[in-house]
There are 2 protein chains.
Amino acid sequence: MLRAAALQGLPEIGPGDDLPALIADRLPAKLTAGDVLVVAHKVVSKAEGRVRALGSVTPGPRALELAAEHGKDPRHVQVVLDESRSVLRATRGVLICETHHGFVCANAGVDASNAGAAELVVLLPADPDSSARALRARLGELTGESPGIIITDSFGRAWRHGQCDVAIGCAGLAPLEDWRGRTDADGRLLRATWVAIADELAAAADLARAKDAMEPVVLVSGAGRYVIEDDGAGALALIRPEREDLFR
Amino acid sequence: MLRAAALQGLPEIGPGDDLPALIADRLPAKLTAGDVLVVAHKVVSKAEGRVRALGSVTPGPRALELAAEHGKDPRHVQVVLDESRSVLRATRGVLICETHHGFVCANAGVDASNAGAAELVVLLPADPDSSARALRARLGELTGESPGIIITDSFGRAWRHGQCDVAIGCAGLAPLEDWRGRTDADGRLLRATWVAIADELAAAADLARAKDAMEPVVLVSGAGRYVIEDDGAGALALIRPEREDLFR
């Protein structure tokens, strides 16, 4: 049985905070093999100082132009451009960007909500897989058990309304489970079955927390079959390379 | 706490089988208010007779052409075209289609895996929301408690590798949770937070079952805040209309 429950009582996180220790202190019980901790990226980003004060941003000509066209704050747009490798679409007040990591998402993941102070925006971690590996290593030291770690963001989707949480970083977990070439219960070849485990775990964890409460960390148990000994390929393995992509 | 566990011991499903009764017989305990049953569409499709024998399909000129170009069975391609309102992309052996319901997915959801007999392909239900409502009503009669129902398929995603299960039908459940205009823990406006609850539940349930076992139905508890009294808007509410879509 899969179980997901949010950790209670985490404080507001700021630059330099010892996030692994804060998490370890709030675990409801000793971690067991196969546990996964799913962490909303905002607390990771804030602990890592990946925030920018809009007051210190000077928008360039492209940001000014996009902001005027789409009714946005030009300083916010400048931060989005700074975080983007390319802008795929700019329309209806939304910039769909490819981040420097290669993730395709609205506004390059730059978000003002939950930033904790006016005029501050929160960026995605610079290297979310590395953040996940560091969190895993430190939690292993603090608790004696290395959980799988997933760092998440909420992404919109082409063709479908609403957002789902997805993995932008992971460690100690197989991000994809490949059934291609394997057979089903009837012995038939499973042709297109390649499951985005880390994204499904991110989605499951999102259901266990309230968006308006301070519940950025969710403990998932019963997913031990996806937990691995080493750090694994990370969430970068979930990115479809541009040459294989049909929708840019 | 969110919990998801697959029902055990469901038999192979065929046309005319009483799926609600088969499910009701295998519930581990009495349903309680707020329970959600997540059902892989294949058993629904098979019970509804939504299968086609490739032997009875005569491919037309477009199917022959696409099949030759992409190395596919022209009869299978004909079934895909029959199930499609339009083909968005045809490349690398994959047809990305918009189904008659409006879902965008590979091969219009037409799948040979798990079909239970050679040369049979399984289609999506003709009206998955209606299937979900019927299943909910009948389970209400059989058990005295009407669970939320989600009917799922595994969809690939633009820009990301792997598939996630998503909702193609639902009843008794709010498919989307709208936090737009509401405020977070700091009193800041949550601007882009519109959560695809039904898709996240579909993803969570997928983790609770093995793809190679006969475990098409998963009972999710602890998600009662998303369960509603009436049938609700259904999974059609998850479809982004073409006029709002940036990626066709």
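The values are calculated or read from the model by the stated rules, or taken from the named source; none is laboratory data. Keep in mind it's a predicted model, so treat the numbers as computed, not measured. With ideal geometry, Cβ positions are generated from the backbone for all residues, glycine too; neighbour counts draw on all protein chains shown. With ligands, DNA and RNA removed, areas are computed over all heavy atoms of the protein, side chains included. Shrake-Rupley method; radii C 1.70, N 1.55, O 1.52, S 1.80 Å.
Which residues, taken from segment A:83-98, are under 19 Å from the mean Cα position of the chain (by Cα) and open to solvent by 30 Å² or more (accessible area, probe 1.4 Å)?
Answer for segment A:83-98, where residues must be under 19 Å from the mean Cα position of the chain (by Cα) and open to solvent by 30 Å² or more (accessible area, probe 1.4 Å): just A:Arg85.
Taking segment B:218-245 on its own, how many of its residues are part of a loop (DSSP other than H, G, I, E, B) and out of contact with any Cys (no Cβ under 8 Å at 6 or more places or on another chain)?
10
With farther than 19 Å from A:Leu201 by Cβ and among the polar types (S, T, N, Q) as the only criterion, which of B:Ser146, B:Ser154 stands out?
One residue alone meets the criteria, B:Ser146.
I'd like to check something: does segment A:200-217 contain any residue that is part of a strand (DSSP E or B) and in contact with a strand residue (DSSP E or B) (Cβ under 9 Å, 6 or more places away or on another chain)?
Looking through segment A:200-217, at least one residue is part of a strand (DSSP E or B) and in contact with a strand residue (DSSP E or B) (Cβ under 9 Å, 6 or more places away or on another chain).
Which residue, of B:Pro20, B:Pro59, is under 17 Å from the mean Cα position of the chain (by Cα) and either at pLDDT 95 or above or of a type in the set (Lys, Arg) (or both)? Give the steps one after another, and end with the answer.
On the way: B:Pro59 fails: under 17 Å from the mean Cα position of the chain (by Cα).
Going through B:Pro20, B:Pro59 in turn, the sole match is B:Pro20.
Give me the pairs, please: first residue somewhere in segment A:223-239 and facing chain B (nearest Cβ under 9 Å), second residue anywhere and among the charged types (D, E, K, R), beta-carbon distance under 8 Å, and either six or more positions apart or on two chains.
Note: pairs meeting the criteria are A:Tyr226/A:Glu177; A:Leu238/A:Asp199; A:Leu238/B:Arg160; A:Ile239/B:Arg160.
Has segment A:40-53 got at least one residue that is assigned to a strand (DSSP E or B), closer than 27 Å to A:Met214 by Cβ and open to solvent by 50 Å² or more (accessible area, probe 1.4 Å)? Steps first, please.
Narrowing segment A:40-53 to residues assigned to a strand (DSSP E or B): A:40, A:51-53.
Subsequent filtering for residues that are closer than 27 Å to A:Met214 by Cβ retains A:40, A:51-53.
With open to solvent by 50 Å² or more (accessible area, probe 1.4 Å) added as a condition, the list becomes A:52.
Taking every residue of segment A:40-53 in turn, at least one turns out to be assigned to a strand (DSSP E or B), closer than 27 Å to A:Met214 by Cβ and open to solvent by 50 Å² or more (accessible area, probe 1.4 Å).
Only residues that are within 13 Å of another protein chain (Cβ to nearest Cβ) and in contact (Cβ under 8 Å) with a residue 60 or more places away in the chain: list them for segment A:15-38, please.
Of everything in segment A:15-38, those that are within 13 Å of another protein chain (Cβ to nearest Cβ) and in contact (Cβ under 8 Å) with a residue 60 or more places away in the chain turn out to be A:Pro28, A:Gly34, A:Val36, A:Val38.
Counting just the residues of segment A:152-180 that are surrounded by fewer than 19 Cβ atoms within 10 Å (Cβ to Cβ) and more than 9 Å from chain B (Cβ to nearest Cβ), which one comes out farthest from B:Phe247 (Cα to Cα)?
Once the filter is applied, the top-ranked residue is A:Ala174.
The conditions are (1) more than 26 Å from B:Ile239 (Cα to Cα); (2) touching a strand residue (DSSP E or B) at 6+ places or on another chain (Cβ under 8 Å), and A:Ser146 fails exactly one of them. Which is it?
All conditions are met except number (2).
Let me confirm something: among B:Gly14, B:Gly9, B:Gly34, B:Gly60, which residue is over 22 Å from B:Asp111 (Cα atoms) and open to solvent by less than 30 Å² (accessible area, probe 1.4 Å)?
B:Gly34
Would you check which residues across segment B:23-38 are part of a helix (DSSP H, G or I) and within 19 Å of the chain's Cα centre (by Cα) and list them?
Just the residues of segment B:23-38 that are part of a helix (DSSP H, G or I), to begin with: B:23-25.
Hit for segment B:23-38 is B:Ile23, nothing else.
Give the residues of segment B:230-244 that are of a type in the set (D, E, K, R), surrounded by 15 or more Cβ atoms within 10 Å (Cβ to Cβ) and either under 9 Å from A:Trp159 (Cα atoms) or within 16 Å of the chain's Cα centre (by Cα) (or both), sorted by residue number.
Correct list: B:Arg240 only.
Step by step: first the residues of segment A:39-56, then only those that are free of Cβ contacts under 8 Å to residues at least 60 places away in the same chain and within 30 Å of A:Cys170 (Cβ to Cβ), then the one that is farthest from the chain's Cα centre (by Cα). Which residue is that?
Only one residue tops the list, namely A:Gly49.
Inside segment B:213-229, can you point out the residues that are of a type in the set (Val, Ile, Thr) and either open to solvent by less than 30 Å² (accessible area, probe 1.4 Å) or under 14 Å from B:Ala40 (Cβ atoms) (or both)?
Correct list: B:Val217, B:Val218, B:Val220.
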